[in-house]
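Contents: one structure, followed by commentary.
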Amino acid sequence: MSIMEYNGGSVIAMVGKDCVAIASDLRLGVQSLSISSNFQKIFPVTDRVFVGLPGLASDVTTLHEQFRYRVNMYTIKEEREIEPETFAQLVSSTLYERRFGPYFIEPVIAGMQKTPSGSLKPFIAATDLIGCLNFAKDFVVAGTASSKLFGVAEGLWEPDLEAEDLFETISQTLLNAVDRDAFSGWGAVVHLMCFFEGSTHPLAQPRRSSTNRIASPVAP
Amino acid sequence: MDVSFAITGKGYVILAADTTAAHSIIKVKLDEDKIKALGPHLLMAYSGEPGDTVQFAEYIERNIRLYQIRNTYALRPSSAASWIRRVLADSLRSRKPYAVNLLLGGYDTNTHTPHLYWVDYLGTLVEVPFAAHGYGSYFALSLLDRYHDPEAPLEEGLATLKRCIDEVSKRLVVAPGNYKVKVVDKDGVREVEL
C-alpha cells in the first residue's frame, strides 16, 4: 500500500490553441472504500491560474492553504497577480522545502501566461512530490489513474485544438481513464481558460474561465 | 472497534456513537459518552486509540471554549472544522501523532444550514451528507446510499439511523450493544433516545 494511492484521485491538464484546460475526478476514498463523491482537487489561484493537487487528501488541504497564503503574500508585496510560470516555481520550492519528509502530492498547474506582446499563451506544468518541474507542450497527468491518462491522452490529443474540441478531448480522456481505475472517478470537473484575440482590452478582459461538471457523482 | 454514524437532514445533524469502552477483548465500561458538545451548535463524535481520544477531545473542547470566551461568539462549524483539521494535520507530522477519527456535526446559525464533516487521524477533512467511522462504516455507508434523504424530517432521520444500527447489530461479529444519539439543530444540541 502506497500513501500516494491511499485516498485515490487523478488530475490532467491540456494545452489547446489560445486555450488551456485542467480536469480532475471528485472521489475521496480510504483505499477501496469511497467516503465522498464531491472532493475538489483543483483550486483557482488567480483569475488565470489553476492548480490541481492529487495525492494524500490531508496534504491536498494543507498545501491548498499553504499556496493560498504564499500567493496572497506575493500579491501584496509585488502589487500584481502571480504569473503561471512563477506560481509553478513557487509550487516547486514549497515542495522541495520538505525534501526529506515530503507532502504526498503531485501538483498540476494550468494557466494563461502573459507574453511580452501583451497577449496570453497557454501554460501547463506538473511536478513530482518533491517539486521536480515538468514543463510540457501538450498535456500533463498525475494521480492514481496517471498511467491510463497517459495512454488515452497520447491517443486523443492533437496540436492546436480549439476550446470546444479541447474540452471534449480532456473530458473524454479523463472519463475513459478513470473508468479503468478503481481509485478514481465518481464524478469529474473541467476548468477551461481561453484567450479571445478580438478583445478590445487584451489585458482587461482577455480571458474567460468556465467550469463544467462533466459527470455528476453517483446520487446517494 | 468503535462504531460511529452521522446523518444530516432538514435543518439538523444526528450523531450516534457506541458507548463501550474496551480494553483488548474486555468491555470495561458500557455507558461511555463519546460525543462531546463543543459549543451551542457543534457536536463532535470521536473514536480511535484509547487515551488519545479523550486527551484530544478535551484539548479541542477547551480551545473552542476559549475562542468563545475571548470573542463572545462561537466559531461557525466550517471554521471549527478547519481548525480541528489543522491540529490533526500538524500532529500527524509530529513525534507522537494523535490517532483520533472524528465526525463533526454543526448547525450554522448565520446561514441556517446543517453541516457534517468527516475527519480522520491523517487530517483529512471532507463535508458529507452522511458519514461513519469504524467497522460500522462498511454496513452503514451502503445502507445510507440507498435510504438517506437530505430533506427528511427528524423522525425519518432517526428511523434511518435505527436501520444502520440494526444492520450493524445483525451482521457485525463485534457489534456494540448500546449507542448514544445526539442531535444538533437551530435549538442547539441535545441527546435523544432511539
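The values are calculated or read from the model by the stated rules, or taken from the named source; none is laboratory data. Keep in mind the model is a prediction, meaning the values are calculated, not measured. Counting neighbours? That spans all protein chains shown, and the Cβs are built from the backbone with ideal geometry, glycine included. Ligands, DNA and RNA are stripped out before the accessible areas are found, and what is left, the full protein with its side chains, is counted by its heavy atoms. Shrake-Rupley method; radii C 1.70, N 1.55, O 1.52, S 1.80 Å.
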Check your understanding: Residues in segment B:9-31: is at least one in contact (Cβ under 8 Å) with a residue 60 or more places away in the chain, open to solvent by 40 Å² or more (accessible area, probe 1.4 Å), within 24 Å of B:Thr109 (Cβ to Cβ) and part of a loop (DSSP other than H, G, I, E, B)?
Key -> yes
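For every residue, the table says whether it meets (1) more than 25 Å from A:Gly151 (Cα to Cα); (2) modelled with pLDDT of 95 or more; (3) surrounded by fewer than 17 Cβ atoms within 10 Å (Cβ to Cβ).
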position	(1), (2), (3)
A:Thr169	no, yes, no
A:Ala177	no, yes, no
A:Gly187	no, no, no
A:Phe195	yes, no, no
A:His201	yes, no, yes
A:Ile214	no, no, yes
Practice item. Test B:Arg85 against the criterion of being basic (Lys, Arg), under 17 Å from the mean Cα position of the chain (by Cα) and buried (at least 20 other Cβ atoms within 10 Å of the Cβ), and give yes or no. Key: yes
Point to revise | Given (1) open to solvent by 20 Å² or more (accessible area, probe 1.4 Å); (2) assigned to a helix (DSSP H, G or I); (3) not polar (S, T, N, Q), index of the condition B:Leu75 fails | key: (2)
Practice item. Output the number of residues of segment B:134-156 satisfying the condition of being more than 10 Å from chain A (Cβ to nearest Cβ) and closer than 21 Å to B:Tyr12 by Cα. Key: 8
Point to revise | Filter result (touching a residue at least 60 places away in the same chain (Cβ under 8 Å) and surrounded by fewer than 18 Cβ atoms within 10 Å (Cβ to Cβ)) within segment B:146-170 | key: B:Asp149, B:Pro150, B:Glu151, B:Pro153, B:Leu154, B:Glu156
Practice item. Starting from residues that are closer than 18 Å to A:Ser171 by Cβ and out of contact with any His (no Cβ under 6 Å at 6 or more places or on another chain), keep the ones in segment A:43-62 and report whichever is nearest to the other protein chains (Cβ to nearest Cβ). Key: A:Pro54
Exercise for review: Among the residues of segment A:1-54, write down those that are modelled with pLDDT of 95 or more and basic (Lys, Arg).
Suggested key: A:Arg27, A:Lys41
Revision key, fill the gap. Of B:Val119, B:Val174, the only residue that is at pLDDT below 95 and aliphatic (A, V, I, L, M) is B:Val174
Exercise for review: Say whether the condition of being in contact (Cβ under 8 Å) with a residue 60 or more places away in the chain, farther than 21 Å from B:Arg85 by Cβ and in contact with a Pro (Cβ under 7 Å, 6 or more places away or on another chain) is met by at least one residue in segment B:38-52.
Suggested key: no
Point to revise | Options A:Ala21, A:Ala88, A:Ala13: the member that is in contact with a His (Cβ under 8 Å, 6 or more places away or on another chain) and away from chain B (no Cβ under 14 Å) | key: A:Ala21
Practice item. Would you list the strands (runs of 3 or more DSSP E) that sit entirely within segment A:1-46 and hold 2 or more residues that are surrounded by fewer than 23 Cβ atoms within 10 Å (Cβ to Cβ)? Key: A:33-36, A:42-46
